[in-house]
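The values are calculated or read from the model by the stated rules, or taken from the named source; none is laboratory data. Please read these numbers as outputs of a predicted model, since none were measured by experiment. For accessibility, only protein heavy atoms count, side chains too; no ligands or nucleic acids. Shrake-Rupley method; radii C 1.70, N 1.55, O 1.52, S 1.80 Å.
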Amino acid sequence: MTGQRTRSGGARALADRLVSGCALLAGALIALACAVIFYEVAARYLFGAPTTWSIDVSSYLLLWATFLGSPYTLREGGHVAVDLLLQWLHGANRRKIGLAIHALVASFVALVVWQGALACVEAYRFGEVTMSVARFPLYLPLLAIPVGGSVLLLQALMLLADDWRGGEDPPRGPGAP
């Protein structure tokens, strides 16, 4: 029993570190996107030499940041949620609703990860490129979907497991009931 708890706790700690690491990386990517946009503004208006790549690069950085930051946002309860019903429920009923919600989230994210992986592999196999002037390989931005989505799926499954165990975990996020 203790060994199982340790393994589970160790796995949870590892997953929590992964989610936190993805959040830090997402923040760094947002800062990098800001730097790229600043560079474009300076190049365009101060030197009269706009870049051909800055819009694409900043968009792809923000795409990656979105997918890498989503698991942290889910863990902290920061995604938009209609929790009016949950505020009225307690105990087993609240647990059942939580199970259903996290099962639906995990199912949807699994579908997104699967379809994103298929799109990524297809883009790589056929050598597809973006429709911009820079013509980046399309699989690079698409790779954000299965990579970030997999970590999001892991987080959704952890929340589902928490609900399944029925433990009263502390409310997550601002304004959580």
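With all protein chains kept in place, the per residue accessible area of the chain amounts to 64 square angstrom at a probe of 1.4 angstrom.
In segment 37-98, the convex hull through the Cα atoms has an average projected area of 6.3 nm², a quarter of its surface area. Of all the accessible heavy-atom surface of segment 38-177, with the other protein chains kept in place and a 1.4 Å probe, what percent is carbon and sulfur? Solvent-exposed carbon and sulfur of segment 38-177 make up 69 percent of the total.
In the calculated pair-distance distribution of the chain, the portion above 22 angstrom amounts to 56 percent of the Cα-Cα pairs. Helical content of the chain, expressed as a calculated mean residue ellipticity at 222 nm, amounts to -26000 deg cm²/dmol (DSSP H runs of 4 or more residues, -39,500 (n - 2.57) each, divided by residue number, nearest 500). Across the chain, C-alpha contacts under 8 Å between residues 6 or more apart give a mean separation that, scaled by the residue count, equals a relative contact order of 28 percent.
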